Amino acid sequence: NNLQMYKGINLLNNGNINNALKVFLNLCKVEPKWAEPFNKVATIKFLQKDYLTSIKYIKLTLKKEKRHFGALSGLAQINLRLGKFENALKNINQALKIHPFIGIKNIKPILLEKLNKKEINFHLNFIN
């Protein structure tokens, strides 16, 4: 099944998303305890902008491997796109506890600034 994973990754890297998805979905059935094929499905669904299905597969990935920082990072990216900034920050913090050098850490200062502005605007709107 490592060969199938390798095949799926090569297909994905070469832009053959639909065939890669078929490989990873099959691996999910054949290796239901292995987190990585579920995470690859989540990645493809993210690329297809099918965020709800991506979230479903991220949750399945995290059930199998709760310290999967790639899945947490992906969830943060989805929450950013959906405007769920508090959730995105929570996901980034979870990923950083596992992998302190993960690339998504660079988004954290921007996200904190956005949340502070949102909080300020909320308070201003509430006062007026």
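Overview of values
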{"quantity": "Under 15 Å from the Cα of LYS114 - aspartates and glutamates, other chains or at least 8 residues apart", "calculated": "GLU86"}
{"quantity": "Helix 85-98 axis, angle to the chain major axis (alpha carbon atoms, nearest 10°)", "calculated": "60 degrees"}
{"quantity": "Whole-number D in µm²/s for the chain (Stokes-Einstein; Kirkwood sum over Cα pairs; 4 °C, 1.567 mPa s)", "calculated": "82 µm²/s"}
{"quantity": "24 Å Cα-Cα threshold exceeded, pairs from LYS7/LYS40; LYS22/LYS45; LYS22/LYS108; LYS40/LYS105", "calculated": "LYS22/LYS108"}
{"quantity": "Greater than 31 Å apart at Cα, pairs in LYS63/LYS117; LYS33/LYS90; LYS64/LYS117; LYS29/LYS49", "calculated": "LYS63/LYS117; LYS64/LYS117"}
{"quantity": "Positive-end residue of ASN13, SER54, ALA88, charge dipole of the chain with Cβ unit charges", "calculated": "SER54"}
{"quantity": "Helix-only [θ]222 nm of the chain, DSSP H runs n ≥ 4, -39500 (n - 2.57) each, per residue, nearest 500", "calculated": "-25500 deg cm²/dmol"}
{"quantity": "Solvent-accessible ranking of PHE101, PHE24, largest area first, probe 1.4 Å", "calculated": "PHE101, PHE24"}
{"quantity": "Solvent-accessible heavy-atom area per residue, rounded to whole Å², over the chain at 1.4 Å", "calculated": "65 Å²"}
{"quantity": "Apportionment of accessible area to carbon and sulfur, region 25-111, percent (1.4 Å)", "calculated": "56 percent"}
{"quantity": "Label-point separation in nm, ASN18 to LYS84, each point 7 Å along Cα→Cβ", "calculated": "3.0 nm"}
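The values are calculated or read from the model by the stated rules, or taken from the named source; none is laboratory data. Because the structure is a prediction, the values reported are computed rather than measured. Every residue, glycine among them, receives a Cβ derived from its backbone with ideal geometry; neighbour counts consider all protein chains shown. For accessibility, only protein heavy atoms count, side chains too; no ligands or nucleic acids. Shrake-Rupley method; radii C 1.70, N 1.55, O 1.52, S 1.80 Å.
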